[in-house]
1. With the crude spin-label approximation of a point 7 Å out along Cα→Cβ, what separation in nm comes out for E255 versus S61?
2. Please report, in cubic angstrom per residue, the volume enclosed by the convex hull of the alpha-carbon atoms of region 180-306.
3. When the chain is modelled as a GNM with alpha-carbon springs shorter than 10 Å, which of I309, I230, I220 fluctuates the most?
4. Taking θ = phi - 60°, what integer Hz values does the Karplus form 6.51 cos²θ - 1.76 cosθ + 1.60 yield along region 151-156, in sequence order, with x for Gly and Pro?
5. For region 248-400, just list the percent of Cα-Cα distances falling in each 5 Å bin from zero outward, please.
6. How long, wide and thick is region 116-238, going by the Cα atoms along their three principal axes, in whole angstroms, largest first?
7. Structure shown: which of K20/K56; K20/K147; K91/K183; K28/K56; K50/K207 lie over 32 Å apart, alpha-carbon to alpha-carbon?
8. Pull up all non-local amide H partners of F103: gap of 5 or more, or a different chain, and H-to-H distance under 5 Å with H placed in the peptide plane.
Amino acid sequence: MNTSKFLILGGGMVAGYTAKQLVESGLKPHQLTIVSSESSLPYERPPLSKGFLAGKDAEASLLINADDFYRAHEIDVRLNCEVGSVDPARKTVRLHSGEEFGFDKLIVATGARVRMLEVPGSDLANVYYLRTLEDAKRIRQNAESAKRAVVIGGGFIAMEVTSVLAQKGIATTMVMPDDRIWKRFFTPAMSRFFEEYYTERGVRFAKSNKVVKLNGAGRIESAELQNGGIAPCDMVVAGIGVTPVTEPLAGSGIELADGVVVNEYLETNQRDIYAAGDVASYYDVLFGKHRRAEHWDNAVSQGQHCARILSGDRTPFVHVPYFFSDVFDLSYEFWGDSSGAEEIVERGDLSTRSFSVWWLRAGRLVAAFAMNRPDEEREAAPRLIQSREAISAATLPGAL
């Protein structure tokens, strides 16, 4: 049985950044093993729905660490491996193949899987989901000849995929259950801006609607909508969310609740077992609650922090939730957690491409959005959220 000081379950972004940080912290040869279900070395995921999908980024540019990085530091990377179970008492991981790996410290970074459509015709050819590099390759290839597309969902993945397809000249319809785009995060004014921006670039919306059936003779030809409408299409991309991959941990005694439950040190309830990234339901000390974040910055930051803890620096993970997005020729950023906000403050003109939105609760900043705004605002947003200092609408950055 192969036994390592550190074993990472999952070959995604957490694995790549944990490995990089461990090396910087003095990792010795043969101390780290990465067990991955994917066929590629750890890579960056944001380009999958942006530059790579658009054909601007090469596959090699996505790698977090070059191929020779793992060889140079004698890190054992096992690809195409499906984990069957984890035994915390024996400190072993068993693959479906029967092979076992031992560990001193285990990092669970199994990530998340896409939610699948549950409608007739969902098994037709050219119905896609975007999660992995292979998914992005298939969508990109099909987009070369597609004329019409349906994107299901109204969140950031659906928005990014739609912008790429529309820029390729594909007539694209977004179908979403809510009455406006990304209702969970955007204010009504923000949704209105983006909907108008997309419409001006040829995107159609089917809001307060659902796909109830997909039609085609072997491959997708149209989508039937709940309101009775028909959307002809050559391809469908569903961006309807993800669920954490926790099945290998069933019966292990590791606490599960919308992911792997960890404390502010990214520790599970089982000794020497940690979790990070999309699968981790971590205790957010800034907001005083558990959260599971499915964004690039969280995976990077938790991977790096986990490595520092494993190297002896046991400090709590204190981090302002953050994500960024690129759609058409726009780039924007979001910090914090707007839930429960009591006041919303706008800066700039929400009918233009330059504005910011600030969410306040109990006299403190809890979230901020910025697009094409001065560095003063961008730099202040995470600082004010983390400091929890008292602030008013009048004293927020950007006030006249």
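1. Here the modelled spin labels are 4.3 nm apart.
2. Each residue corresponds to 181 Å³ of Cα convex hull volume.
3. I230
4. 10, 9, x, x, x, 6
5. 2, 9, 17, 18, 16, 14, 10, 7, 4, 2, 0, 0
6. Extents along the principal axes, in whole Å: 41, 29, 24.
7. K20/K147; K91/K183; K28/K56
8. Under 5 Å from the amide H of F103: S4.
Read-outs: derived from the displayed coordinates by stated rules, not from any lab. Predicted model, so just to flag it, every value in this text is computed and none were measured. Here Cβ is always computed from backbone atoms with ideal geometry, including for glycine, and neighbour counts include all displayed protein chains.
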